[in-house]
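**Student:** Take this structure first; my questions come after.
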Amino acid sequence: MNFNVIDRLEIMVVDVGVPADWVKVNVQRMKDCYEVYALVPGLLREEVRVQSDPAGRLVISGQPEQQDNPWGVTPFKKVVSLPTRIDPHQTSAVVTLHGQLFVRVPFEQSDI
């Protein structure tokens with residue numbers, strides 16, 4: 001497993017399975033949410049999946065349709081552990097055409 005601690009906020013990003021060092025993840029704490037930025041170059045919007053649960057766990061995974069692509073894009077799964085409870089029903093994600101993923105993860109109302 002590959003572990004990264006970001007900004008001493010007790011946020012941990014863990015690769016599940018084969019490490020995907022080509023996927024970069026950055027997390028920022030805002031007033032009412034976390035903003036998660038990830039680079040997922042070479043993947044289309046429908047090839048990226050984001051899941052969250054109230055305990056503060058965000059799972060970002062990618063599965064390229066073309067497994068033998070010339071860019072070396074491989075399937076990946078990263079788990080982002082956040083230090084507070086979150087509202088998974090209000091979590092939103094956008095993937096740009098340039099392979100940039102933005103996820104807005106609101107805090108659970110009792111944590112604001």
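What follows draws every value from the coordinates through simple rules; no lab data is involved. All figures in this text were calculated on a predicted structure; none of them were measured in a lab. In this analysis, Cβ positions are derived from the backbone assuming ideal geometry, glycine residues included, and neighbour counts consider all displayed protein chains.
**Student:** For a quick check: sort Ser52, Ser110 by the number of other beta carbons within 10 angstrom, fewest at the front.
**Tutor:** The most exposed by this proxy come first: Ser110, Ser52.
**Student:** Hey, of [x] 29, 16, 13; [y] 27, 16, 12; [z] 25, 15, 11, which did the structure itself give for semi-axes √(5λ) of the Cα gyration tensor in Å when calculated?
**Tutor:** [z]
**Student:** First select every other residue whose beta carbon is under 14 angstrom from the beta carbon of Trp71; then total the charges, Lys and Arg +1, Asp and Glu -1.
**Tutor:** Every neighbour counted, the sum reads -3.
**Student:** Run the numbers for Phe102 and Gln63: contour at 0.36 nm per residue of separation, minus the present Cα-Cα distance, in nm.
**Tutor:** 12.3 nm
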